[in-house]
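Participant: Please find one structure pasted underneath; my questions will follow.
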Amino acid sequence: AGPALDLNIGIEINSFTGYVGYFVLGYYFPSNTFTSGQLNRAYVLSILAFISSIAGIILLQYFHNRGFNDIVESDFTPDIPVAIAGLFLFAKNNYWSVKSGWWQNTLSRTSKESYGIYIVHVLFVRLLFDKMYLGFRFDEGSLLWVIPVKAVIVLILSFGLTRLMRVVPVLRRTI
């Protein structure tokens, strides 16, 4: 164990390796078909996962236990991949009729950039909300609105960076 192994670059390797499961799901779900029974079970599990997430937030707020906010906002609690997997399968397996206009344009552009957004969003989460960097905190706010506000901020910034990367020829190949 030499000095090179003690190098601290400020980013935990878990920040990247922990998301490998999402990549696997991202490959598995679009390339497979499921029976209606399997889909219905996935939808029920997804709804239960969303309910458990919201219940966890409400319980933490009720008991004013701010020490566990990082757990509630973590991407690695079991409810998050289950909830998102069910939501993805629901969107994939249902026909959506959206009239032309700003909403369809927004969804289409966001969808085209979704992989890039997925890749860079961790950068903004860490940069804005991690204590080690800017450390923006919403200590007085309810997690029921703080989490969606953080999500929208990170989505907008990630979308912007991804679009910017598409304009720069050298960076275009990275996303």
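The values are calculated or read from the model by the stated rules, or taken from the named source; none is laboratory data. Quick caveat: nothing in here was measured; it's all calculated off a predicted structure. Cβ sites come from the backbone with ideal geometry, for glycine too, and all protein chains shown count toward neighbours. Note: areas computed on protein heavy atoms with side chains; ligands, DNA, RNA excluded. Shrake-Rupley method; radii C 1.70, N 1.55, O 1.52, S 1.80 Å.
Participant: Calculate the spin-label point distance for residue 87 paired with residue 156, positioning each point 7 Å from the Cα along the beta-carbon direction, and give it in nanometres.
Facilitator: 1.9
Participant: In addition: With a 1.4 Å probe and every protein chain left in place, tell me how much accessible area residue 22 has, in Å² to the nearest 10.
Facilitator: 50
Participant: Stretched out fully, how many nm does the piece from residue 27 to residue 172 gain, at 0.36 nm a residue minus the Cα gap?
Facilitator: 50.0 nm
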